[in-house]
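The values are calculated or read from the model by the stated rules, or taken from the named source; none is laboratory data. Just so it is clear, the structure is predicted and the values come from calculations on it, not from any experiment. All Cβ positions, glycine included, derive from the backbone under ideal geometry; neighbour counts span all protein chains shown.
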């Protein structure tokens, strides 16, 4: 007998053998036991996760001759089960819809459906890659699928269910298959390796499972290739070489170079990989996945079940996550996603990959707009905004746009958000908004009050800012709470349900509150609203006094020290001054 590949040799023959699709197998078994058998099924999902396999098992269960009615678990030994397994059953017809997709083939199928099965209970049609069928062919099948003879069952397997017409989908039961979990693939590979007498360490099995990307069939195919190459002993290094994968230690080294802001080290690492024959697009794809795991590790910890990776890689992404704040990791992921997308249609792939990595190195120099404005306000005329310690020092005079972006303008949303940042002192109060124009940025700049570390005073200014921005309901809710300043967070506890707070405190409100808190505190502050009872005897919120009328808004703006500093450093000019007190 000729050799049979592992994916076929260990193909499940019973519902209980299928892994990762319990929601499908449980429903189908219950339907058979209750004799609630539909005339049409759609099985959709990722490649290699058991769609056609379950269709065959269901066909065996419906026609199994071990009992006088359909059974939830086919015997696998009767003539009907054996013929379905071998693909020779005259009453279970498998159609490759990728090649038999036209109206003539479907008309022939429809004509054959009129006749009763030759021997079994049901005549079953399994349409693989059903989304390939043309619209005209689907229309020819529509009436038969809507009112089929009682002995007909249609099963359609597809990776793209959205391409199947809604008229067809509404006449069939749709089962959406899940990608097989990483741990389930590793366990199954370990069992098969044991049955085949293959020695494979845990890291090698993890590499095989990761290369499968949620597909059990793909993982088994790569395992077959590894056995053919390496014999009965599989190592992680050899499996990576066959799969074209890069070890996670390489990605850790790349991110280490990014953390050190060392462009040279990053380029040397890429040069080594390209010299060894790595494909730039494949490397970028793996780096995207590594960065995604690092973001998850930063948010949920490296022990989170959201990470479908080996123990060794969990430790590596955990170490990388500790080196960067969440915002930087998210920015790195965005850069590499864009780079990977561009590599698909760029000619010089290596150069674009190097450019993407260099962007990550330099991305750490970007500062939030709120932090820039708070530093400008707190440092006054004697200091300039500093960038992170990990980035080279630079003054605003030599690099005026480093905190924002050197070659890009601030987005309209950021500019609008900045225009809402106001201080409460008489000369430049929340009643006055100044629009300052520079060659690179156009933002609203106002004078901040004296920096304060008092949480009640900070909250008071946040309330004023929210009211001025039109978020009066949120301001009214926060005014009833108590505030505590912990590190870089202002935690406001209010006696409202969390569901109410989620509705009131959405993205724009959070940005406005964070900007106001950062301005008064003189450093970046994040406002966190928690549901609970405010502390007993909480100090009333210190709302700043309303500004007094004095000189005109334009003259106050012209004399404002922060506006003057923006004019000196950015070459800005005052375009518009809005006095909100005039509107009131």
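What to note about this one:
- Output for the stretch 478-499, where each listed residue is touching a strand residue (DSSP E or B) at 6+ places or on another chain (Cβ under 8 Å), in a helix (DSSP H, G or I) and exposed (fewer than 14 other Cβ atoms within 10 Å of the Cβ): 498
- Test for residue 47: is it in the same structural domain as residue 94 (by TED's automatic domain parsing), farther than 20 Å from residue 97 by Cβ and not in a helix (DSSP H, G or I): no
- Listed by position, the helices (runs of 4 or more DSSP H) enclosed by the stretch 88-174 that each have at least 3 residues that are farther than 26 Å from residue 49 by Cβ are 103-112, 135-146.
- From the list 154, 182, the lone residue that is surrounded by 18 or more Cβ atoms within 10 Å (Cβ to Cβ), in contact with a strand residue (DSSP E or B) (Cβ under 7 Å, 6 or more places away or on another chain) and touching a residue at least 60 places away in the same chain (Cβ under 8 Å) is 154.
- Residue check, residue 72 in a loop (DSSP other than H, G, I, E, B), touching a strand residue (DSSP E or B) at 6+ places or on another chain (Cβ under 6 Å), within 21 Å of residue 173 (Cβ to Cβ) and not assigned by TED's automatic domain parsing to the domain that holds residue 228: no
- Residue count for the stretch 1-27, restricted to those that are in contact with a helix residue (DSSP H, G or I) (Cβ under 8 Å, 6 or more places away or on another chain) and without any contact (Cβ under 8 Å) to a residue 40 or more places away in the chain: 2.
- Helices (runs of 4 or more DSSP H) within the stretch 222-311 that include 1 or more residues in contact (Cβ under 8 Å) with a residue 40 or more places away in the chain and on the phi < 0 side of the Ramachandran plot: 248-259, 263-275, 280-300
- Taking the criterion of being touching a strand residue (DSSP E or B) at 6+ places or on another chain (Cβ under 7 Å) and either surrounded by 20 or more Cβ atoms within 10 Å (Cβ to Cβ) or at pLDDT below 85 (or both), the residues of the stretch 203-252 that qualify are 204, 226, 232, 234.
- For residue 56, the conditions (1) surrounded by fewer than 17 Cβ atoms within 10 Å (Cβ to Cβ); (2) within 22 Å of residue 149 (Cα to Cα) are fulfilled apart from (1).
- Filtering the stretch 187-201 to residues that are in a helix (DSSP H, G or I) and surrounded by 13 or more Cβ atoms within 10 Å (Cβ to Cβ) leaves 187, 188, 189, 190, 192, 193, 196.
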